[in-house]
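A.B. asks: After the structure tokens below, expect a handful of questions from me.
The values are calculated or read from the model by the stated rules, or taken from the named source; none is laboratory data. The shown structure was predicted, so the numbers you read here are calculated from the model rather than taken from an experiment. All Cβ positions, glycine included, derive from the backbone under ideal geometry; neighbour counts span all protein chains shown. For the accessible areas, the whole protein counts, side chains as well, though only heavy atoms, and no ligand, DNA or RNA atoms are used. Shrake-Rupley method; radii C 1.70, N 1.55, O 1.52, S 1.80 Å.
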Amino acid sequence: MKRPGTSRRPARLVRLAELTAPEAAKLARSSKVVVILPLGAIEQHGPHLPLLVDWRGAEELAYRIAPHLARAGWRPVLAPPIPYGVSTLAGGWPGTVSLTIPTLRRVVVEVVSGLASHGFRRVVLTNYQADPDHLLAIAAARRDLARRRRVQVLVAGFEPGANPMSPMTSPRVRALLRSPRPEAEWHSGELETAFMLSVESRLVRMRIARRLPPAWFDFRRGLARGARNFRRLGPGGAGYFGWPAAARAGTGRAAMALRGQLIAAELVRALENRARS
């Protein structure tokens with residue numbers, strides 16, 4: 001059965017859950033296999049986008065980086081995603097299902113540990129959820145897993161401690177936007193709406209999006225001051241930050257392609273450095 005939100009899949013991307021146990025064992029013995037584990041979230045994304053944006057985004061990042069990894073000589077294998085994440089900022093909004101930080105930390109650690117116990121040695125966590133508490137859980141899981149020296153765990157996408165030049169927020173990505181305030185485009189704004197138009201247009205309520213006025217708030221300042229809910233970050237808002245009406249599918253495709261290219265380059269460097277050490 002095709003789950004909601006799934007569209008295309010790369011033709012050469014092996015899916016772990018579709019293998020038999022002997023096939024998985026054979027893959028685990030390869031020093032070139034990289035398991036990609038998408039980390040999602042189910043949370044509100046304004047009145048025009050579905051709850052699965054971050055889940056779908058994590059999968060799309062996996063699809064985008066996989067071809068680059070393969071061209072560099074690695075063999076990407078897609079693990080079933082973890083659809084729920086920590087969604088503190090979206091707390092109280094209908095449809096949001098948020099795990100606690102300790103719960104997500106433990107789930108990630110146990111899934112990766114399970115993979116490592118069968119011989120898989122390289123895991124990439126693709127993550128499209130930027131909630132600060134979600135990132136804290138990922139950081140904690142990586143610290144736990146770092147004690148197991150035989151498994152390398154990398155993060156692709158939004159990651160703990162990311163700098164302004166991160167591939168997800170790179171000026172090159174922002175330059176693709178039509179918004180006159182690209183630095184203020186964030187949750188459910190132009191870029192996320194464009195992304196969903198590019199991969200799952202049927203799930204975008206574009207008639208609603210076209211009527212939404214720009215909602216540009218200083219969310220970074222709010223986060224720095226400790227705000228932990230979208231209502232506090234954008235008083236009187238509808239849970240979106242940016243200008244959804246400006247979104248175009250072409251923008252979403254270009255942005256994800258660029259993100260995939262930039263992220264993959266960083267991953268390949270990290271994988272090769274570890275292989276040489």
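A.B. asks: Kindly rank 172-184, 247-259 from highest to lowest mean number of other beta carbons found within 10 Å of each residue.
C.D. replies: Working: 172-184: 16.2, 247-259: 19.4.
Ranking, from highest mean packing down: 247-259, 172-184.
A.B. asks: Between Arg232 and His118, with labels modelled 7 Å along Cα→Cβ, what's the label distance in nm to one decimal, could you check?
C.D. replies: 4.2 nm
A.B. asks: Could you work out the relative contact order of the chain, using alpha carbon pairs under 8 angstrom and six or more residues apart, expressed as a whole percent?
C.D. replies: Details: 495 pairs, mean separation 59.3, N = 277.
With pairs under 8 Å counted, the relative contact order is 21 percent.
A.B. asks: In nanometres, what is the gap between the two model label sites at Ser201 and Ala17, each 7 Å from Cα along Cα-to-Cβ?
C.D. replies: 2.8 nm
A.B. asks: Between Arg181 and Arg150, what FRET efficiency comes out of the Förster formula 1/(1 + (r/R0)^6) with R0 = 41 Å and r the beta carbon distance, rounded to 0.05? Walk me through the numbers before you get to the answer.
C.D. replies: Numbers: r = 46 Å, r/R0 = 1.13.
The formula returns an efficiency of 0.30 here.
A.B. asks: Excluding Met168 itself, what net charge comes from residues whose Cβ is under 14 Å from its Cβ, given Lys and Arg +1 and Asp and Glu -1? Intermediate values should be presented prior to the final figure.
C.D. replies: On the way: positive: Arg64, Arg172, Arg174, Arg259; negative: Asp54, Glu60, Asp131, Glu159, Glu183, Glu185, Glu192, Glu266.
That sum, taken over residues with Cβ under 14 Å, equals -4.
A.B. asks: What number comes out for accessible area per residue over the stretch 50-139 if the probe is 1.4 Å? Units Å², please. Let's see the in-between values first.
C.D. replies: On the way: 3070 Å² over 90 residues.
Computed with neighbouring chains in place, this is 34 Å² per residue.
A.B. asks: Would you mind getting the Kirkwood hydrodynamic radius of the stretch 146-242 from its Cα pairs, rounded to one decimal in Å?
C.D. replies: Values: mean 1/r = 0.0647 Å⁻¹.
Answer for the stretch 146-242: a Kirkwood hydrodynamic radius of 15.5 Å.
A.B. asks: Could you tell me the calculated FRET efficiency between Arg225 and Arg71, based on Cβ-Cβ distance and R0 = 41 angstrom, to the nearest 0.05?
C.D. replies: Numbers: r = 44 Å, r/R0 = 1.07.
Efficiency computed from Cβ-Cβ geometry: 0.40.
A.B. asks: Over all directions, the average projected area of the alpha-carbon convex hull for the stretch 65-134 comes to how many nm²?
C.D. replies: Values: hull surface 23.0 nm².
Projected over every direction and averaged, the Cα hull of the stretch 65-134 covers 5.8 nm².
A.B. asks: Put a dot 7 Å past each Cα toward the Cβ at Gln261 and Arg274; how far apart are the dots in nm?
C.D. replies: 2.6 nm
A.B. asks: While we're on this one: Multiply the residue gap between Asp218 and Val97 by 0.36 nm, knock off their C-alpha separation, and tell me the result in nm, one decimal place.
C.D. replies: 41.0 nm
A.B. asks: With a 1.4 Å probe and every protein chain kept in, tell me what percent of the accessible surface of the chain is carbon plus sulfur.
C.D. replies: Details: 7020 of 12870 Å².
The value for the chain is 55 percent carbon and sulfur by accessible area.
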